[in-house]
Structures are given as C-alpha cells and as structure tokens.
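The structure under discussion appears below in the form of structure tokens.
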Amino acid sequence: MGEAKDALERGDFERAFRIVEEAVAAAPDDPEARELYAVTHLAKAIRLSDRAREARRQELIRRAIDYDVEFDDTADVSRMFDEALAVIEDVLRVQPGHWKALLLKASLLFRRDRMAGRPQALEILAKLAEADPTNRQVPFTIRKIERPCARCGDTGFCPYCKGRGTKRFLRMESKCEKCYGRGICPACGVL
Ligand SMILES: [Zn+2]
Ligand SMILES: [Zn+2]
C-alpha cells in the first residue's frame, strides 16, 4: 500500500488507482487496502461527476439553450454520469455501508436528474441519518435536496449569468461574480 500512497502523493492518480484495485482483488479483507480503494475510487467518481456536469453546461452554451428550458443530456454526458455512478457502486461492493460513498451516490443521482433522482437520493440520505444522527453533513445535504431550488428554478445553473459563467455589459464580457465564473447555482450548486 506504500506504493499506492507514494503514487497518490506524486499525483499519479491512475497508477494509485490500479495498484489499489489489484491489492483489493488479492486481499479483499485487508482494511487498509479497502480504505485506500474507497478514497481513490470516490475521488475518481467526483472528477467524473464534475466533468459530466461541466459537459452538460458546455452543451447548453453550445446549443444556445436557455438555462431554464428542459433539455435532454447528450449521450456523452449521460455516459459520464453512468461511469461516475459505476465507480461508486464499486466502492459499495467492497464496503457496503461506506457513508461517504452513499452520500456521494445520493448527490450524484440528484445531479444527474433532479426529478427522478430526488426521491432516490432522499431515501439513501434518510437511511444515513438514521444510521448516524451525529453526522452533520447528512441533514445539510437533505436540506439542499428536499425542496426544488427557488434561486435557479431548480436548474442547477447560475440564474445571474444563465449558466454561462460570464456576463456582458456595454459589450464587455466579464466573469460572473455570483458564481465565480463557474455557471453553477450559488445556492444548490455545491451538490
Ligand atoms: Zn439552485
Ligand atoms: Zn453566474
């Protein structure tokens, strides 16, 4: 596992990922290997999920769709979300009750499709809250998810710049200050 940690510290993420996958396959009960497996896989899932959301936003800009108009994700965006979900499922296979993996799964289901994902996410979160009532992050996430976001019309995109990340004023393009140029709703975009 030292080799995997070294790779992580060097930022060689893919190498760490491979070493840990092999280690868990060879010794499925080793707690250290399992924890490193969770850490590396969840980091990968977060990157994939962020990439999927960013691809969705770019698609919105490219197709000049108004941010509050319903539109279907492209096949690429859907695939990225599915890949992120599959990586989380890998973690849950190795450690079924892993709370961070479950929390991330709830957020991802919600991010992928708010209408369909909201009840699924809330169900996971209710179980997490019951399992550990002292965990502050769970009720925080429930509050963010349980009601449609009024600020952005529940689109997840920044309403001030319509998800573009930039604003135009006197023919000058400048970074949107409300979302720091990310195009993500400042109220619900943390998820
Ligand atoms: Zn919002
Ligand atoms: Zn903005």
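The values are calculated or read from the model by the stated rules, or taken from the named source; none is laboratory data. Note that the structure is a prediction, hence the values are computed from the model and not measured. Here the Cβ is made from the backbone with ideal geometry for all residues, glycine too, and neighbour counts use every protein chain on show. Side chains are part of the model used for accessible areas, which takes the heavy atoms of the whole protein and leaves out ligands, DNA and RNA. Shrake-Rupley method; radii C 1.70, N 1.55, O 1.52, S 1.80 Å.
Things worth noting here:
- q = 0.14, 0.24, 0.26, 0.29 Å⁻¹: log10 I(q)/I(0) that the Debye formula gives for region 99-146, counting C-alpha atoms only: -0.26, -0.76, -0.88, -1.08
- Extended-chain gain in nm, criterion 0.36 nm per residue less alpha-carbon gap, Glu3 and Glu173: 56.5 nm
- Mean residue ellipticity (222 nm) of the chain, computed from DSSP H runs ≥ 4 via -39,500 (n - 2.57), nearest 500: -20500 deg cm²/dmol
- Taking a straight Cα-Cα cut-off under 29 Å and skipping sequence neighbours fewer than 8 places away in the same chain, the lysines within cross-link reach of Lys127 are Lys44, Lys100, Lys105, Lys144.
- Under the span-like rule (Cα at least 18 Å along the axis, Kyte-Doolittle mean at least -1.0), DSSP H helices of the chain: 13-26, 31-62, 75-94, 99-112, 114-131
- Carbon-plus-sulfur accessible fraction, region 22-113 (probe radius 1.4 Å, protein heavy atoms only): 51%.
- Across region 99-146, the mean sequence separation of Cα contacts (distance under 8 Å, 6 or more residues apart), normalised by length, yields a relative contact order of 36 percent.
- Based on Cα contacts under 8 Å between residues 6+ apart, the chain shows a relative contact order of 15 percent.
- In the full protein context, region 99-146 carries 57 Å² of accessible surface per residue, based on a 1.4 Å probe and ignoring ligands, DNA and RNA.
- Percent accessible area from carbon and sulfur atoms, region 149-191, protein chains only, probe 1.4 Å: 53 percent
- Ordering Ala106, Ala26, Val87 by Cα displacement along the dipole of the chain toward the positive end leaves Ala106 in first place; charges were set at the Cβ atoms of Lys, Arg (+1) and Asp, Glu (-1).
- Cβ-Cβ FRET estimate between Gln120 and Asp68, R0 fixed at 30 Å, reported to 0.05: 0.80
- Taking all protein chains as they are arranged and a probe of 1.4 Å, the heavy atoms of Ser107 leave approximately 20 Å² accessible to solvent.
- Selected from Met172, Met115, Met80 as most flexible by GNM, with the chain as the system and alpha-carbon contacts under 10 Å: Met172
- Loop-resident trypsin sites (Lys or Arg not before Pro) (DSSP state other than H, G, I, E or B) in region 52-94 with no more than 14 further Cβ atoms inside 10 Å of their Cβ: Arg63.
- Seen from a random direction on average, the alpha-carbon convex hull of region 149-191 projects onto 2.7 square nanometres.
- Given charges at Cβ of Lys, Arg, Asp, Glu: the chain dipole, positive-most of Tyr160, Gly11, Gly189: Tyr160
- Directionally averaged projected area (convex hull, Cα atoms, the chain), nm²: 12.6 nm²
- C-alpha center-to-center spacing [region 146-179, region 109-145] in angstrom: 25 Å
- Computed E for Glu130/Ala27 - FRET, C-beta separation, R0 25 angstrom, nearest 0.05: 0.20
- FRET efficiency for the Phe13 to Trp99 pair, using the beta carbon distance and R₀ = 30 Å, is estimated at 0.85.
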